[in-house]
Amino acid sequence: QVQLVESGGGLVQAGGSLRLSCAASGGTFSTSAMGWFRRTPGKEREFVAGIMWSGVNTYVADSVKGRFTISRDNAKNTVYLQMNSLKPEDTAVYYCAQGRNLRSVVVGTVDYWGQGTQVTVSS
């Protein structure tokens, strides 16, 4: 059974940075696309960033483009989300997800979800 465990969330001031990590186990991480999503109360889960199995191609939502970067280390079965220039509107629970390919991840068709990690950005 695939398990995705996020870490790295917390409280940060606006303009600050955080790096989220998602460690995967029990599956075929190195051949799967990975992604990050977020959800705020009262809103649907929102796609943030995705990366294909090799790391060559990535896709980032317009709302975070230029500020967030997704990367992966297949030797460590870990995907990262580097978040810079954080804004209060980035406050959300961030979820890691695993899917068959980058296109499916981008549209939210994923096979596994992590439990989420809270990111709070104060103004």
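Things to note:
- Among residues of the range 65-103, those that are open to solvent by less than 10 Å² (accessible area, probe 1.4 Å) and acidic (Asp, Glu), counted: 1
- Residue check for Val64: modelled with pLDDT of 95 or more, over 11 Å from the mean Cα position of the chain (by Cα) and farther than 17 Å from Ser25 by Cβ: yes
- Hits in the range 5-41 - residues which are part of a helix (DSSP H, G or I), open to solvent by 30 Å² or more (accessible area, probe 1.4 Å) and not β-branched (Val, Ile, Thr): Ser30
- Leading residue by the ranking (surrounded by the most Cβ atoms within 10 Å (Cβ to Cβ)) among those in the range 42-64 that are outside any strand (DSSP E or B) and of a type in the set (A, V, I, L, M, F, W, C): Val64
- Among residues of the range 109-123 that are over 15 Å from Leu18 (Cα atoms), those with a beta-carbon under 6 Å from a residue that is open to solvent by less than 90 Å² (accessible area, probe 1.4 Å) and in a loop (DSSP other than H, G, I, E, B) at least six positions away or on a different chain give the pairs Tyr112/Val2; Ser123/Ala14.
The values are calculated or read from the model by the stated rules, or taken from the named source; none is laboratory data. Quick caveat: nothing in here was measured; it's all calculated off a predicted structure. Every residue, glycine as well, gets a Cβ built from its backbone with ideal geometry; the counts of neighbours run over all protein chains shown. Quick note on the areas: whole protein, heavy atoms, side chains included, nothing else; ligands and nucleic acids left out. Shrake-Rupley method; radii C 1.70, N 1.55, O 1.52, S 1.80 Å.
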